Amino acid sequence: MDATGQWWRDAVFYQVYPRSFADSDGDGVGDLPGVVERLPHLRDLGVDALWLSPFYPSPMADAGYDVADPRGVDPLFGTLADFDRLVDRAHALGLRVVIDIVPNHTSHEHAWFRAALASPPGSCERSRYLFRDGRGADGGEPPNDWTSQFGGPAWTRVREADGSPGQWYLHLYAPEQPDLNWRNLEVRSEYLSILRHWLDRGVDGFRIDVAHGLLKAVGLPDAGTVPQGWEGRMHHRLPYWDQPEVHDVYRGWRRVLDEYGGQRIAVAEAWVPHPDRLAAYTRPDELHQAFNFPYLMAGWDAGRIRAVVDASLDAAHRVGAPPTWVLANHDVPRAPTRLGGLDRALAALLLELALPGSVYLYQGEELGLEEVVDLPDDVRQDPVFLRSGGTLRGRDGCRVPLPWSADGASMGFSPNGRAWLPQPAGWRALTAEAQVRDPASTLSLYRRALRLRREHPALGGDGVLTWLQSPEGTLAFERAPGFVCFANLTDAPVTVPPIGALLEASAPVDAAPDGGHVLPGHTTSWWSVGG
Ligand code: NOJ
């Protein structure tokens, strides 16, 4: 707990992607009872909280980010009683529970969208979404040039009740995910009620999906040419991202969170290009945290990382919020693959765990799992893959079910050996069961590092760090009292002068003849200094 008594300011969160975490009923898809069974793994790992990706009733066009009933649990994942048990059990183990909320869009099977389709243009039912007439003589062209994040146009045309070609509705993601109209007051009050529903059930907070996308520029103007991929996602001059009015929504949400005791929090998933824009979401009367994607995107480059760390600390402190650090989630290739090796990923982990603020981990990174790049096309389920006709590989490769033990065809994921995506044979050596017994394993390193982070007086809180001079391609900083982090991001070993007593390192550190130390390439080390 940080010195202010605010648990979330330096907390380590662990993302549970329920369909791939643990399956209790043998259908090959993870579920909430499966999460409950494996909660001791999270307690022993040493995290403070878990964030659960969506478990709501859904036709699963986007793995549950297409929510048909935001107050329930999909039978695939269990029941509301299972959810309540999960919260109780997690709390009993000292773990907080944060859940995903998806306000930008609903499923096309949500009762509101069905009602909208059954109602005429101009109706109240349609005004909860973004229906517009098409362009061109017969309205046959989409209302503007916006494209879906999953490829293709962001508009789909409907048939009216009499069977004639009708209006178009906006979907920034799949057609099965119609965007809500956040200028409609009913939409706003509905989401306040959804927040209360889950707060009443004891959740400790929310991760807000597409937090930067809720409001669209008035008049829905054309966007012009938009860069592909991450660059497009981070583009801040688009009429559908990061509009100033979105902040009013979060001021209202904050008032609701503050009505509840126990420090309930919210974290924004906001893809905005600069830490300053991100910090706007965490002003004192808005959200508590926002994911730091510029850090995730800085790669494994000392100069870029240092620049992002400085800009993030500066922007966060200006609004009094804790910075956050994230290297992985269910939308990006796993870190060992993205950064070019497990050694780099582990070095990046120790680096982020030593920074002031809060850290988000993604399930399976504690086992050192790589991205699964060779999934056969016929098992892939990500709409990014399906909608791009396979030209984009999509996100299934980071969503493969976890390997728990050597037994069974699905490595302990499911009681009868099924798994909704096939696990690589090589993961049999990486199971949690195998790693927990091996002090040199990735899991053991995670456990030791998280324990040290809790115990070392310098590593709590979201305060400052002081950069130390260090050779090109390395990063060194000090945190008071008595802690130094030294990272070598180059291929070659570096010899460093005596620093202090080694606390932990992502690879073995040797003694140098003059009392100094030899740090292998792509290694981060933690040191106790002074006193
Ligand atoms: C962000 C989520 O993390 C991603 O998985 C999802 O596809 C989109 N938002 C749309 O909800």
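The values are calculated or read from the model by the stated rules, or taken from the named source; none is laboratory data. If you're wondering where the values come from, they're calculated on a predicted model, not measured in any experiment. Positions of Cβ are generated from backbone atoms using ideal geometry, with glycine treated the same way; all protein chains shown enter the neighbour counts. Keep in mind that these areas ignore ligands, DNA and RNA; they rest on the heavy atoms of the full protein, side chains included. Shrake-Rupley method; radii C 1.70, N 1.55, O 1.52, S 1.80 Å.
Filter region 321-344 for residues that are more than 16 Å from the ligand (Cβ to nearest atom) and assigned to a loop (DSSP other than H, G, I, E, B); which is surrounded by the fewest Cβ atoms within 10 Å (Cβ to Cβ)? Taking the candidates together, the pick is Gly340. The set of residues in region 98-120 that are more than 30 Å from His288 (Cα to Cα) and within 16 Å of the ligand (Cβ to nearest atom) comprises His108, Glu109, Phe113. Within region 366-389, the set of residues being over 24 Å from Pro59 (Cα atoms) and within 16 Å of the ligand (Cβ to nearest atom) comprises just one member, Glu371.
Could you tell me whether region 47-61 includes any residue that is over 24 Å from Asp382 (Cβ atoms), open to solvent by 20 Å² or more (accessible area, probe 1.4 Å), at pLDDT 95 or above and out of contact with any Asp or Glu (no Cβ under 9 Å at 6 or more places or on another chain)? Talk me through it step by step, then tell me what you get.
So in region 47-61, the residues over 24 Å from Asp382 (Cβ atoms) come out as 47-49.
Filter once more, so that each one left must be open to solvent by 20 Å² or more (accessible area, probe 1.4 Å): 48.
Cutting the leftovers down to at pLDDT 95 or above gives us 48.
Filter once more, keeping what is out of contact with any Asp or Glu (no Cβ under 9 Å at 6 or more places or on another chain): none.
Within region 47-61 (the criterion being over 24 Å from Asp382 (Cβ atoms), open to solvent by 20 Å² or more (accessible area, probe 1.4 Å), at pLDDT 95 or above and out of contact with any Asp or Glu (no Cβ under 9 Å at 6 or more places or on another chain)), the answer is no, since none of the residues qualifies.
Residue-level analysis places Ser123 among those that are away from the ligand (no atom under 16 Å from the Cβ), surrounded by fewer than 22 Cβ atoms within 10 Å (Cβ to Cβ), free of Cβ contacts under 8 Å to residues at least 24 places away in the same chain and on the phi < 0 side of the Ramachandran plot. Residues of region 232-286 that are in a helix (DSSP H, G or I), within 16 Å of the ligand (Cβ to nearest atom) and either aromatic (Phe, Trp, Tyr) or surrounded by fewer than 17 Cβ atoms within 10 Å (Cβ to Cβ) (or both): Gly232, Tyr281.
Among the candidates Leu386, Leu349, single out the residue that is more than 21 Å from Ala22 (Cβ to Cβ) and crowded, with 24+ Cβ neighbours inside 10 Å. Spell out how you get there, then give the answer.
Details: Leu386 fails: crowded, with 24+ Cβ neighbours inside 10 Å.
Going through Leu386, Leu349 in turn, the sole match is Leu349.
Pick from region 287-320 the residues that are under 13 Å from Ala268 (Cα atoms) and without any contact (Cβ under 8 Å) to a residue 60 or more places away in the chain: which of them is farthest from the ligand (Cβ to nearest atom)? First the steps, then the outcome.
In the first step, residues of region 287-320 are kept if they are under 13 Å from Ala268 (Cα atoms); the result is 287-293.
Next, from what is left, pick out any that are without any contact (Cβ under 8 Å) to a residue 60 or more places away in the chain: 292-293.
On the way: Asn292: 15, Phe293: 11 Å.
Only one residue tops the list, namely Asn292.
A search for C-beta distances below 6 Å between a residue of region 149-166 that is more than 15 Å from the ligand (Cβ to nearest atom) and any residue that is acidic (Asp, Glu), counting only pairs 6+ apart in sequence or on different chains, returns Gly166/Glu160. Residue-level analysis places Ser58 among those that are within 13 Å of the ligand (Cβ to nearest atom) and in a loop (DSSP other than H, G, I, E, B). For region 167-195, the tally of residues that are away from the ligand (no atom under 14 Å from the Cβ) and within 15 Å of Arg114 (Cβ to Cβ) stands at 1. Has region 388-404 got any residue that is in contact (Cβ under 8 Å) with a residue 40 or more places away in the chain, part of a helix (DSSP H, G or I) and under 26 Å from Glu37 (Cβ atoms)? Yes, that holds for at least one residue.
Are there strands (runs of 3 or more DSSP E) fully within region 450-512 with at least 3 residues that are at pLDDT 95 or above? List them. Strands (runs of 3 or more DSSP E) meeting the threshold: 474-479, 483-488, 501-505.
Can you tell me which residue is nearest to Leu86 (Cα to Cα) among those in region 16-46 that are within 16 Å of the ligand (Cβ to nearest atom) and touching an Asp or Glu at 6+ places or on another chain (Cβ under 9 Å)?
Within region 16-46, the first condition is being within 16 Å of the ligand (Cβ to nearest atom), and the residues that meet it are 16-21, 30.
Filter once more, so that each one left must be touching an Asp or Glu at 6+ places or on another chain (Cβ under 9 Å): 18-19, 21, 30.
Numbers: Pro18: 12, Arg19: 15, Phe21: 14, Gly30: 14 Å.
Among those that are within 16 Å of the ligand (Cβ to nearest atom) and touching an Asp or Glu at 6+ places or on another chain (Cβ under 9 Å), it is Pro18.
Restricting attention to region 155-183, the residues that are within 17 Å of His212 (Cα to Cα) and in contact with a strand residue (DSSP E or B) (Cβ under 9 Å, 6 or more places away or on another chain) add up to 9.
Got a sec? Which of Val436, Val464 is open to solvent by 60 Å² or more (accessible area, probe 1.4 Å), over 30 Å from Ala316 (Cα atoms) and within 27 Å of the chain's Cα centre (by Cα)? It is Val436. Selection of region 389-428 for residues being of a type in the set (A, V, I, L, M) and either surrounded by fewer than 15 Cβ atoms within 10 Å (Cβ to Cβ) or within 22 Å of the chain's Cα centre (by Cα) (or both) yields Leu392, Val400, Leu402, Ala406, Ala409, Leu421, Ala425.
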